[in-house]
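To keep things clear, I will list the structure first and then write my remarks on it.
Laboratory data are not the source of any read-out in this text; all were calculated from the coordinates shown. Since the structure is predicted, the reported quantities are computational estimates derived from the model, not experimental observations. No Cβ is skipped: glycine too gets one built from the backbone with ideal geometry, and neighbour counts run over all protein chains shown.
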Amino acid sequence: MTSKICGIDHLGVAVFDLDQAVATYCDQLGLTQEGGETLPERGIKVSFVGTGDSRIELLAATRDNSEISKFLETRGEGIHHVCLRTDNIKETLEHMKARGAKLIDTTPRPGAHGTKVAFVHPKGAHGVLIEIVEKKASASS
Ligand code: ZN
């Protein structure tokens with residue numbers, strides 16, 4: 001098995017108002033906006049704020065029945081997921097599955113900025129939704 005978890009890629013924070021959240025994290029907390037993206041198939045829009053190689057992904061819903069709107073309704077704003085970076089998501093998922101991990105996705109799905117992502121169920125990670133991400137070698141961040 002050559003694939004490995006390389007580190008925490010980012011933390012995901014669910015928010016009601018994306019523009020307001022970006023303003024809070026940048027203007028008040030001193031982080032820098034590093035781009036954003038709308039993911040229509042998941043019903044969400046995201047903005048990344050960060051410093052150095054650390055990033056927080058702010059996530060807001062673009063429709064009522066998205067994964068984020070459900071989270072916001074039941075739990076309110078707050079930490080939504082922890083994202084672990086891997087160099088080979090396919091092998092990592094197979095590895096996790098073989099060891100009994102509770103995977104939501106057994107195959108990767110498209111994430112922001114051309115990445116491949118998959119999720120581990122919070123019930124299989126002590127209450128925290130875990131995102132696994134593989135970035136293209138050419139992607140800068
Ligand atoms: Zn994420």
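Quick one: Kirkwood hydrodynamic radius for the chain, alpha-carbon pairs, angstrom, one decimal?
15.5 Å
Between Glu131, Glu34, Glu57, which gets the highest mean-square fluctuation from a Gaussian network model of the chain, Cα cutoff 10 Å?
Largest GNM mean-square fluctuation: Glu34.
Per-residue HN-Hα couplings for the stretch 105-121, Karplus 6.51 cos²θ - 1.76 cosθ + 1.60 at θ = phi - 60°, whole Hz, x for Gly and Pro?
Along the stretch 105-121, the couplings run 10, 8, 10, x, 10, x, x, 5, 6, x, 7, 10, 10, 8, 10, 9, 5 Hz.
Sticking with the crude label model, points 7 Å out along Cα→Cβ, report the distance from Asp105 to Lys4 in nm, one decimal please.
Distance between the two pseudo-spin positions: 2.4 nm.
Which value at 222 nm does the chain reach when only helices count, each DSSP H run of 4 or more adding -39,500 (n - 2.57), with the total divided by all residues and rounded to the nearest 500 deg cm²/dmol?
The per-residue figure over the chain is -5000 deg cm²/dmol.
Out of the GluC sites (Glu not before Pro) in the stretch 61-123, which ones are loop residues according to DSSP with at most 10 other C-beta atoms within 10 Å?
Answer in residue order: no site qualifies.
Whole-Hz Karplus ³J(HN,Hα) for the stretch 51-64, in order, using 6.51 cos²θ - 1.76 cosθ + 1.60 and θ = phi - 60°, x for Gly and Pro?
Result, rounded to whole Hz: 7, x, 9, 9, 9, 10, 9, 8, 10, 10, 7, 10, 8, 5.
Tell me, what does the Kirkwood hydrodynamic radius of the stretch 62-123 come to in angstroms if you use every pair of distinct C-alpha atoms?
Final number for the Kirkwood radius of the stretch 62-123 is 13.3 Å.
Taking springs between alpha-carbon atoms closer than 10 angstrom, which of Ala112, Ala61, Ala125 fluctuates most in the Gaussian network model of the chain?
Judging by the Gaussian network model, the answer is Ala125.
Please arrange Arg75, Arg42, Arg109 by counting, for each residue, the other beta carbons lying within 10 Å of its beta carbon, fewest first.
By the 10 Å Cβ count, ascending, the order reads Arg75, Arg109, Arg42.
Taking the chain as the reference, fit the longest principal axis to its C-alpha atoms, fit the long axis of helix 89-98 to the helix C-alpha atoms, and give the angle between the two in degrees, 0 to 90, nearest 10.
That works out to roughly 60 degrees.
Could you list which residues have their amide H under 5 Å from that of Leu39, counting only those 5 or more apart in sequence or on another chain, with H placed in the peptide plane?
Sorted by chain and number, the residues that satisfy this are Ile44, Lys45, Val46.
Can you say what percent of the DSSP beta bridges in the chain, counting only those with both residues inside, are antiparallel? Round to 5.
75 percent
For Asp9, Asp17, Asp105, Asp53, what ranking results if the residue with the fewest other Cβ atoms within 10 Å of its Cβ goes first?
So the residues, fewest neighbours to most, are Asp53, Asp17, Asp105, Asp9.
Under a crude label model (7 Å from the Cα following the beta-carbon direction), how far is Thr62 from Ala23 in nanometres?
About 2.2 nm separates the two model spin labels.
Going by Cα centres, the stretch 71-90 and the stretch 1-69 are how many Å apart?
First find each Cα centre; the distance between them is then 10 Å.
Thr51 to Ala125: extension gain in nm, 0.36 nm per residue of separation minus the Cα-Cα distance?
Numbers: separation 74, 0.36 × 74 = 26.64 nm, distance 2.71 nm.
So the extension gain works out to 23.9 nm.
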